[in-house]
1. For region 533-540, check the following and say yes or no: at least one residue is more than 30 Å from MET76 (Cβ to Cβ), surrounded by 14 or more Cβ atoms within 10 Å (Cβ to Cβ) and charged (D, E, K, R).
2. What is the number of the single condition among (1) in contact with a strand residue (DSSP E or B) (Cβ under 9 Å, 6 or more places away or on another chain); (2) in contact (Cβ under 8 Å) with a residue 24 or more places away in the chain that LEU301 does not meet?
3. Inside region 541-560, can you point out the residues that are of a type in the set (S, T, N, Q) and surrounded by fewer than 17 Cβ atoms within 10 Å (Cβ to Cβ)?
4. Could you pull out the residue among PRO431, PRO517 that is of a type outside the set (Lys, Arg), within 16 Å of PRO252 (Cβ to Cβ) and either surrounded by 14 or more Cβ atoms within 10 Å (Cβ to Cβ) or modelled with pLDDT of 95 or more (or both)?
5. Can you tell me which residue among ALA13, ALA83, ALA90, ALA50 is surrounded by fewer than 23 Cβ atoms within 10 Å (Cβ to Cβ) and either modelled with pLDDT of 80 or more or in contact with a Cys (Cβ under 9 Å, 6 or more places away or on another chain) (or both)?
6. All but one of (1) farther than 21 Å from ILE120 by Cβ; (2) aliphatic (A, V, I, L, M); (3) assigned to a helix (DSSP H, G or I) hold for ILE502; which doesn't?
7. Looking at this structure, is ASP326 farther than 30 Å from VAL435 by Cβ and buried (at least 17 other Cβ atoms within 10 Å of the Cβ)?
8. Being among the aliphatic types (A, V, I, L, M) and either under 16 Å from the mean Cα position of the chain (by Cα) or in a loop (DSSP other than H, G, I, E, B) (or both) narrows it down to one of ILE254, ILE249, so name that one.
Amino acid sequence: MGFHVIDWIVIAAYFSLIMGIAFWIMRQRQQSSTDYFLAGRHMPWFVIGASVFASNIGSEHIVGLAGQGTTSGMAMAHWELHAWCVVLLAWIFVPFYYRSKVFTMPEFLERRFNPASRWILSIVSLVAYVFTKVSVTVYAGGIVFNVLLPELRWQVTDTIFLDAFWIGALLTVTLTGIYTVLGGLRAVVYTDTIQTVILLVGSFFITVIGLNKLGGWGELQAICSENAKNFALWRPNTDPDFPWLGVLIASPIIGIWYWCTDQYIVQRTLSAKDLKNARRGALWGSFLKVWPVLIFIVPGLIGYALHQKGIVTIPPKIVDGETVLDGDKVFAVMVSSLLPIGLRGLVVGGLLAALMSSLSSLFNSCSSLFTIDIYEKIHPQASERHLVTVGRVATIFVVAMGIVWIPVMQRISQGGLYRYLQSVQGYLAPPITAVFLLGLFSKRINGKGAVAGLVIGFIAGMAKLVIQALTGGENPVITSPDWLVYVGQYNFLFATGWLILISFATIIIVSLLSAPPNPEQIVGLTYATATAEQKKERRESWGAFDVVLTVVVLSLVLGLYLYFSFWLN
């Protein structure tokens, strides 16, 4: 079903609104690095919370979560019920980050430990952003364009044609790159606020209309119950993909890393005008984070049920020699098959909102990491204006690298886009989670321990990823010895648990075998060394509203866990 002129008008109106806001921001002077990378530290809490949520929910969430809902039911819901991790960010981590007045998370590690830990985290984060988050987000958006507008083609030369996938991906990347390069973080957070509204409204409509076409929630439960083994929230430990114990181990590790220590998310809270707004912004983001299970995973379940009833047709694909449903195309199929004229354009606008908000956040975070943690360290005499220019050039480079990596993504995401992303993050997260947790809660942990933990943890994680890639697929490169194949095929959830144990042990042992950190260096950077002024400021930064919002968020998370634990029984 092609797009009607009204759909195009809705999409054009969306683009006009976003670019209008971005142009207004661009007209404001971006003279200092604080202006460009942290929006001048003037952001209110409701803007911060919306930006935290919109930065997290990219097109890979909409496309990938719907796909996982279709192929594996509620298994990925554990990762989408991480609102409690954002609550940890608000109450435990933000006070230290904001008080230290850092620009980046690697900079915080240097304050707490040493310059070497900053370099390691900066380089690893930049590589991970370019080769996972940027390319995955663009790739997911391209998939939707390819399904919605398959007839769209552009002849570049006599022999080179760009299909809908590349046209859609390049268009959105280019537009997002323009306003991110020129407007900095201020343009990112304000456009994110508008995009959050469009994203929630669009996803809500596709969920409601899909349920109505299916015949209601009871019909969805009935159809999913027929395949309860593969659609349940909790799986037996013998399950090859999502054993319950592995989920309990890995999900919190990945969640704490992503929500509490990753530059991509934390940078929004650092832009707050004071600690109160930083904390409340994170709490508002946690409230918004509660809903993806209902508006992203459930549509995937609805798509599966509609396919079973013959109302929509989800195209198949071949994975490891077996024909399965191509879950990553479910969202686009539902949009094109179910939605009426006009609303279809709004929902696609929601997808574009997710794509652009995540990309703009990624571009700005990568720019911040390179400029503050690498370039400024090499050129400490660089002026503020020069740092802003370097940040813009770095953003352009990240945009280009993300596009170059897309063809590789087309080859390595055959098992499901979102699952691929979580497995890679499961190998990156453990050493970072371990270093930040031990760094905040133990004043005995020193720089040598932190560096050793980061290096050994990253090497072990990347070794597992490489072995997994070489021993998997239809034509594995490595088929012997048996122990190496076993390591490669070992479940990524349990591997995440072993990786954090290795990281914890390394950090603690090396720290205890070397001299403790200088007490003056860690004043105010751990809970044990918090100053009286810090404690007073932390207490004055929250009130009844923050406590109530926290209770509401945790109650909603618990309620969703309880309901979906038994919904197919």
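1. yes
2. Going through the list (1) in contact with a strand residue (DSSP E or B) (Cβ under 9 Å, 6 or more places away or on another chain); (2) in contact (Cβ under 8 Å) with a residue 24 or more places away in the chain, LEU301 breaks only (1).
3. SER555
4. That would be PRO431, the only listed residue that is of a type outside the set (Lys, Arg), within 16 Å of PRO252 (Cβ to Cβ) and either surrounded by 14 or more Cβ atoms within 10 Å (Cβ to Cβ) or modelled with pLDDT of 95 or more (or both).
5. Result of the check over ALA13, ALA83, ALA90, ALA50: ALA13.
6. Going through (1) farther than 21 Å from ILE120 by Cβ; (2) aliphatic (A, V, I, L, M); (3) assigned to a helix (DSSP H, G or I) one by one, ILE502 breaks only (1).
7. Yes, satisfied.
8. It is ILE254.
The values are calculated or read from the model by the stated rules, or taken from the named source; none is laboratory data. Values in this document were obtained by computation on a predicted structure and should not be read as measured data. Glycine gets a Cβ as well: all are built from the backbone with ideal geometry, and neighbour counts include every protein chain shown.
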